[in-house]
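Below is one structure, written out as structure tokens, with a few remarks after it.
None of the figures in this text is laboratory data; all of them are computed from the coordinates on show. What you see is a predicted model, and the numbers here were worked out from it, not measured in a lab. As a convention, Cβ positions derive from the backbone with ideal geometry for all residues, glycine included, and neighbour counts pool all protein chains shown.
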Amino acid sequence: MKAIKEKHSLAMRWCHWVNFPILTIMIWSGMLIYWANDEYKITLFGHTYVQFFPDWYYHLLHIPQRLAEGMAFHFLFMWFFTLNGIFYILYTIISGEWRELVPTRHSFKEAFLVVLHDLHIRKMAPPQNKYNAAQRIAYTAIIVMGIGSVITGLAIYKPSQFYYLTWLCGGYHFARIIHFALTLGYVFFFLVHVVQVILAGWNNFRSVISGFEIVDEKPEPSIQTMPKDETAS
Amino acid sequence: MKSRNQVFKLCQKMKQPVKKTKKLKKELTLNQKINRRNFISFTTFGVLGVTAYGGWRWLYTSPIEVTGITGGARKPLRRALNKTELFFRRFFSNNNQVRTYPKSMAAKNVRHNSDIGVDGKFDVAAWRLQVNKITGEKLAISIDELKALPKTEIIFDFKCVEGWDQIQHWAGVRFIDFVEHFQLHDETRLGYVGMETPDKGYYIGLDMPSAMHPQTILAYEMNDKPLPLNHGQPLRLIIPVKYGIKNLKRIGSISFSNQRPRDYWAEQGYDYYSGL
């Protein structure tokens, strides 16, 4: 017998889907800005492994010669990105939903087991509530990264007026590198996130739009979970 | 006051059962509930998505402003830049100063990015700094007069709008000392300072608070030597609270106004304020 099980609040769904296009625009306009002085690369022992970015990539996305435009977009959408983020964090705190999200002291050990399970190395996954341990870490980390983007962003946007933020981020030059690296982090998060959502299936995806999942009343768990005492240490 | 009778009648009335006007709705089946909720949420999602995309297209295809003092930006984005300027100006203070560094950290090869406004033939000996006072009077100041004023050095991280930064060493007269010496107090009560190169090929506008910041310098030395030609000989602006685009090379004239003076890069789509 199937039943409706409420999963995601309207506020969470709103923030998620508002953030998605805004972050996309921020990353895109950030690339328009970065192009003007594209000096970042990953070099180890004198060998350059990754150069951000190759010419074909710039031309494919129509990036070159658009610095002023990029800044204008970036400095408008930064407001929406920040406000949406503040709203989400306040909501999560006030509603108490943070309890489902913030990693617990078991999360880091459990997350490892979740990853093993997801990679089909281990059969059992640790028991979970709304989010498993790996999700708790990922969804909290992404919020911390968002805060990091705002702080490093302010540190390079007004390094004189917010000199304390610039100092906190290790200076103007380094703050800019962190700001860039965080963006790479979003892209990495996005890729893993999308693969996981596809693997999790329609029921899970739908819940981020309509808020509920359909569950079996007599639950026969789709993933087998270990008895509680095995994970509790 | 109501009579006893009336109260009694009222009580009787209240005892009457409420007439059911509607037929009891049939309980929805689970599938109906699911379908209904899916329909509502996906429709809302679709409508909002299409609206958002429409909003984006509107912004992306919005007309470019007519070039006046500013130019080259989409109209709504220019409005946003100007509003954002007003917000961040509140944080501006003379107490917020650019970090300075020891002289040993200053770059020996100072980065040179552009020659706009300083690329033509130029007679250094004939150069005078022209100051247009609001009385209509014009001052013509020689480099020796400026060198006679107190010299201020600054070693700071110069920041280009393109994204690079470099620790550089400059020296000259602080703009506030310059104002003090040449009695330009009435001028600095206005909102803006404009500066142009002698050939008028490059020009910038500064809001007065930024110009009057204690680290703003009319520089005549770089790395303890007179400015080289490509860095704006004999006098250039060093204003650490702005991007490099506002650090005009080879100042020809200085004027004051309540309207934004013309600005080379603001005409090309950049933020007029460009403050750091």
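Inverting the pair-averaged 1/r between distinct Cα atoms of the protein assembly as shown gives 27.7 Å as its Kirkwood hydrodynamic radius. Using the Karplus relation 6.51 cos²θ - 1.76 cosθ + 1.60 with θ = phi - 60°, the per-residue 3J(HN,Hα) values for region B:130-140 come to 8, 10, 8, 7, 6, 6, x, 5, 10, 8, 10 Hz, with x marking Gly and Pro.
Kindly identify region B:75-268 as rounded, prolate or oblate by the Cα gyration tensor criterion: order the square roots of the eigenvalues as a ≥ b ≥ c, call it rounded if a/c is under 1.5, otherwise compare a/b with b/c, prolate if a/b is larger, else oblate. Rounded, because the longest to shortest axis ratio a/c is under 1.5. Between A:L61, A:L154, A:L182, the residue with the greatest mean-square fluctuation in the GNM of chain A (Cα pairs under 10 Å linked by springs) is A:L61. Going by the alpha-carbon gyration tensor, a ≥ b ≥ c the square roots of its eigenvalues, is region B:61-101 rounded (a/c under 1.5) or, if a/c is not under 1.5, prolate (a/b greater than b/c) versus oblate? In terms of gyration-tensor shape, prolate.
Among the DSSP helices (H) of chain A, those spanning at least 18 angstrom by Cα along their long axis with an average Kyte-Doolittle hydropathy of -0.5 or more are A:10-35, A:67-95, A:133-157, A:172-200; this is a geometric and hydropathy rule only. Per q in 0.15, 0.17 1/Å, what log10 I(q)/I(0) does a Debye calculation on the alpha-carbon atoms of region A:14-68 return? Values, matching the q order: -0.55, -0.66. Among the residues of B:160-167, the average count of other protein chain beta-carbon atoms within 10 Å of the residue beta-carbon is 5.
For B:M105, A:M26, the sequence from fewest to most other C-beta atoms within 10 Å is B:M105, A:M26. Each of B:E221, B:E187, A:E6 was scored by other Cβ atoms within 10 Å of its Cβ. Arranged with the fewest first, they read A:E6, B:E221, B:E187.
Fewest first, what order do B:R189, A:R136 take by the number of other Cβ atoms within 10 Å?
Ordered by Cβ neighbours within 10 Å, fewest first: B:R189, A:R136.
Partner shielding of B:96-105 amounts to 2, given as the average count of beta-carbon atoms from other chains within 10 Å of each residue beta-carbon.
Quick one: how many lysine pairs does region A:2-231 have with C-alpha atoms less than 18 Å apart and a gap of 8 or more or different chains? Give me the count, please. Going through region A:2-231 pair by pair, I get 11.
The Cα center of region B:159-214 and the Cα center of region A:60-134 differ in position by 44 Å. Close amide H partners of B:I141, meaning residues 5 or more places away or on another chain with modelled amide H under 5 Å apart, are B:L129, B:Q130, B:V131.
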